[in-house]
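The values are calculated or read from the model by the stated rules, or taken from the named source; none is laboratory data. Everything numeric here is computed off the predicted structure, so don't read it as measured data. As a convention, Cβ positions derive from the backbone with ideal geometry for all residues, glycine included, and neighbour counts pool all protein chains shown.
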Amino acid sequence: MKLPTFTVLGGTLGIDFINTVQHHRGQTVNLLNTPDAVVRWLAFMRHAGRLHAASGETLAPGPWPIERLIRFRADVRLFLDGGIPRDDFLTLLARTVAISPLTFRAVEDEEGVRLIAIPTRPGTQGLLSLLAFDWLNMVVSGAANAASRCQNGPCLAYFLDLQGRRKWCSMDTCGNRQKNARHYARRKWTGVDKGGHDHDAAGSSN
């Protein structure tokens, strides 16, 4: 089965990370199923501007044991689903960062001067620290309260809904599917086919 592609629908590195598990053709698909897949995802995040080059270079040597990444992803999704209390989740995040403390560097780009976090360890441990730090910021700032799951039932994607009006991870995919489903349901309910004919009237005879 051909895997779906990585996305940057979430709004932050931390949310894009938990969106590496997707619903695809009736199955739940793990996009980070090998160390090579993790490396490809990091390259995708760098290209999309979610991961600064300095952080990516520090992570690059690996190693990439994926089990810890998958477990962390599951913990974050469980928190968002209400399965882990806020204080317990904050403790988990703080412990994750403590294993590989972060350093910070001021960089200037088109967005102005900002601080970027750089892990002190490469590979999975450093990546976990970056992800945990991102989630710490979101929880403490309250942004995590705006993390919403796509309202297209099977979809597993989360995104930041800061305005409180967004329903879909993407209008091009889930949004259009829902609009088409509602349109089809309305036409079926009224008995009108695609050609604009009433099925009952067309099928009746005197």
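Values as computed for the structure displayed
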| quantity | calculated |
| --- | --- |
| Residue in region 104-126 that is within 19 Å of R77 (Cα to Cα), of a type in the set (S, T, Y), touching a strand residue (DSSP E or B) at 6+ places or on another chain (Cβ under 7 Å) and not in a loop (DSSP other than H, G, I, E, B) present | no |
| Selection count where residues are closer than 13 Å to T12 by Cβ and charged (D, E, K, R), scope region 94-143 | 1 |
| Yes/no for V29 being more than 18 Å from M138 (Cα to Cα) and not small (G, A, S) | yes |
| Residues (closer than 18 Å to L51 by Cβ, at pLDDT 90 or above and not polar (S, T, N, Q)) located in region 85-114 | V97, L102, F104, R105, A106 |
| Test result for D134, among the acidic types (D, E) and without any contact (Cβ under 8 Å) to a residue 24 or more places away in the chain | no |
| Filter result for E67 (among the acidic types (D, E) and part of a helix (DSSP H, G or I)) | yes |
